[in-house]
Every structure is written in C-alpha cells, then in structure tokens.
Amino acid sequence: MTPIRIVLAGPQASLRASTDALRQGGVAVVARVDGGQAVRAAATFRPDVLLLEPEPGDPHAPRTVRDIRRASPRTQVLVVAPCAEPGAVREFVAAGAGGYLHKEVSRQAMLLAVHAAGGGAGGRGGDGAAALSPGPAAARVPPTAPVRLSRREHQVLLCAAAAMSNRQIANHLEITEGTVKRHLRGVFKKLGAVSRVDAVNRAVRAALIPWPGLGAPGGLVPPDSSMSA
C-alpha cells in the first residue's frame, strides 16, 4: 500500500515529535516547514495531508488553510491547536480544513486522523481528536434507514462534531466522562460507526446534525440539568 504523504507545518519543536510518531505509523513525511511556508510546501509537494499548527492567536491562520487548498486542492488540511473552541473549529472548517486536532492529542489519535484524512482505513478516534466532514454536500444525502437518537445522545454527538474531547463534553453537559463514553457507544451502535469521525460523517449524511460550520453556532446546546443522563 502506498504510504500517505504528509507535510508538517508549524513550530519546529512540536513538529519533531509529530514526525517520529507519524513515521512509526507508516506515514511518509515529505517536508517539515515553518507555518509561513505551508502554502509553498503544499504547492511544491502536493501532499495527501498537510498538518498545520498555526502560531497562537494568528488571525490569518484560516486564510492560510484556504490558500493551501487553492494551491493543492487534493491536499487535506488538519489543523493542530491548543484549544478546540467551537468558533475556531467553524472558522477553520469554513476555510476548507478537513479536521481539527487538539495539540495534546495522543499519537494514536493523530495517526488515525491522518489516515482518515488521507484516505486510509478509519479507526477508533481518540479522545482529543475530531476530524470533520469535508463538505456541506454530504448533508444533502438522505439516510438509508431512519435512526433515532435520544436527546442526550444528540447533544453528545453535536459536541463531538465541534471537536470537543470527552472531558470538554462532560463539563459542557454537566455529566461524567463515563456517561459521555456510554452515550458515544450508543451513537456508534445506532449509526453503525467505528469512530467519532465516522459517527459525525454518518450523522451529517443522515441529516441528524448539520455539517460543522452550517446552522447554529457549533451545533451546541445548553446543558439541561433536568434531563436524566
């Protein structure tokens, strides 16, 4: 099988650790550049995936994602950042990012996200990772069979689509992490999904949730303390 070709763009100290993890996972790192060289690297190497870690607070980062996609339309961009605020996720997805990873994501979760973005076999998503559906067209595909989620399952799924970790979901909905995991297992079973990424994409295709970046901000709902977990 041809390895996924990836360019890493961002602070060199962070990229060194990512390089080792990705190479051990069978990913071909074709270039490692500073964030300011990301667009040129995408145009030069035409990688399957570009892992972009913007400088904290960089207001031009979403535009960089957009420019990367224009320079190499086949390249999927995964953004790595120290937080996964719904507003930031929506902005990057609207710019064309295929996924959003928390900076503290595990090596396994990073590999899974890269393989999913690069067309490899999907796996079980990690707690800190949430790759997003690549485009709004998927929302227009009708479901093949009706799927009914409980209100709490729907809330948990919306939070997962907004790139929130299990801990963040638990804090937002005022439930335990164990309860979050239980509801995610229920969502996976009902949708026939094998990962958070797969569950979000299947839910979008079934019109159960909006594509991230469309509709209500982040698709998030306020916690309802009167609702049983």
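The values are calculated or read from the model by the stated rules, or taken from the named source; none is laboratory data. Because the structure is predicted, anything quoted here is derived from the model rather than measured. No Cβ is skipped: glycine too gets one built from the backbone with ideal geometry, and neighbour counts run over all protein chains shown.
If you check Gly178 against the conditions, is it farther than 20 Å from Ala117 by Cα and modelled with pLDDT of 90 or more?
When the stated conditions are applied, Gly178 passes them.
Restricting attention to the range 54-65, does a residue exist that is in contact (Cβ under 8 Å) with a residue 40 or more places away in the chain and of a type outside the set (Gly, Ala, Ser)?
Yes, the range 54-65 has at least one match.
I need the full set of residues from the range 41-74 which are in a helix (DSSP H, G or I) and surrounded by fewer than 16 Cβ atoms within 10 Å (Cβ to Cβ), in order please.
Within the range 41-74, Ala43, Thr44, Arg63, Arg70 meet the criteria.
Out of the residues in the range 15-72 that are closer than 19 Å to Leu111 by Cα and among the acidic types (Asp, Glu), which is modelled with the lowest pLDDT?
Asp20
Condition check: under 30 Å from Pro3 (Cβ atoms), buried (at least 24 other Cβ atoms within 10 Å of the Cβ) and modelled with pLDDT of 80 or more. Does Val114 satisfy that?
yes
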